[in-house]
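Undergrad: For reference, the structure I am asking about is given below.
Read-outs: derived from the displayed coordinates by stated rules, not from any lab. A quick note: this is a predicted structure, and the numbers were derived from the prediction, not measured. Neighbour counts are summed over all protein chains in view; Cβ atoms, including those assigned to glycine, are modelled from backbone coordinates with ideal geometry.
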C-alpha cells in the first residue's frame with residue numbers, strides 16, 4: 001500500500017496548528033535537535049512546518065544550493081561585508097570651493113596631506129569646515145566631495 005505523503009503532511013500541519021506553546025517547543029527540539037530559544041508561537045509553528053515539509057519532500061538539490069551560494073557570494077549585503085570608508089584621494093594643489101553665507105571659501109590640498117585655508121594649514125577638510133562655520137561638519141559633505 002502506497003502512503004499519500006500530501007495527506008500525511010496535511011494532518012501533521014493541522015496538528016501543529018493546534019499545539020500550545022510548550023508542545024511546540026518540544027516538537028521543535030525533537031525536529032531540530034536544540035531548543036528554539038525565545039520567539040513567538042507563530043514563528044515556531046512556521047519553522048516546524050517548514051522542517052516537516054523538508055523531511056517529507058526533501059531539501060534543495062545540490063545544483064540549486066550551489067546556485068544560491070554563488071548568488072549570495074556575489075552579494076556584499078548577504079555576506080554582511082561593509083565597504084571600507086573611501087579615503088579622499090586628491091593630488092596636491094586640488095582646490096575645494098564652497099560658498100557659505102554669501103562668501104566664497106577655498107581650501108587647497110598641500111603636499112603633506114593637509115589643507116590650506118586663508119594661509120593656515122589644517123589637518124582635514126572637516127577642520128577647514130569648522131574654521132569657516134564654527135560648527136562641526138563632515139568636510140567632504142561641506143565641500144560637496146563625492
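Undergrad: Using Cα atoms only, what is the angle between the long axis of helix 21-32 and the major principal axis of the chain, expressed in degrees (0 to 90) to the nearest 10?
TA: Rounded to the nearest ten degrees, it is 90.
Undergrad: Would you mind ranking 9, 80 by Cβ crowding within 10 Å, fewest neighbours first?
TA: Placing the least packed residue first, the sequence is 80, 9.
Undergrad: Against the globular-protein guess of 2.2 N^0.38 Å, express the Cα radius of gyration of the chain as a ratio, rounded to two decimals.
TA: 2.09
Undergrad: OK, next. Would you mind computing, in nm to one decimal, how far apart the modelled labels at residue 138 and residue 94 are, each placed 7 Å from Cα along Cα→Cβ?
TA: Label-label distance for residue 138 and residue 94, simple model: 1.6 nm.
Undergrad: For the range 31-80 and the range 90-146, compute the distance between their C-alpha centroids and round to whole Å.
TA: 51
Undergrad: Counting other beta carbons within 10 Å of each residue's own, what order do 3, 132 fall into, fewest first?
TA: Values: 3 7, 132 19.
The fewest-first ordering by Cβ neighbours comes to 3, 132.
Undergrad: Still on this structure: Taking 30 Å as R0, compute the FRET efficiency from the Cβ-Cβ separation of residue 104 and residue 76 and round it to 0.05.
TA: Working: r = 39 Å, r/R0 = 1.31.
So the FRET efficiency works out to roughly 0.15.
Undergrad: Order by neighbour count: 25, 18, 51, 123, fewest other Cβ atoms within 10 Å first, most last.
TA: Working: 25 18, 18 7, 51 15, 123 11.
Ranking 25, 18, 51, 123 by Cβ neighbours within 10 Å, fewest first, gives 18, 123, 51, 25.
Undergrad: Please give the FRET efficiency for residue 5 paired with residue 43, using the beta carbon to beta carbon distance and R0 = 22 Å, rounded to the nearest 0.05.
TA: 0.30
Undergrad: D for the range 5-59, whole µm²/s, Stokes-Einstein with Kirkwood Rh over alpha-carbon pairs at 10 °C and 1.306 mPa s: what number?
TA: Translational diffusion coefficient: 141 µm²/s.
Undergrad: With each run of n ≥ 4 DSSP H residues scored as -39500 (n - 2.57), what mean residue ellipticity at 222 nm is computed for the chain after dividing by its residue count and rounding to the nearest 500 deg cm²/dmol?
TA: After summing the helix terms and dividing by the residues of the chain, the value is -15000 deg cm²/dmol.
Undergrad: Once both axes come from the Cα atoms, what is the angle between helix 5-18 and the longest principal axis of the chain, in degrees from 0 to 90, rounded to 10?
TA: The helix 5-18 is inclined about 70 degrees to the chain.
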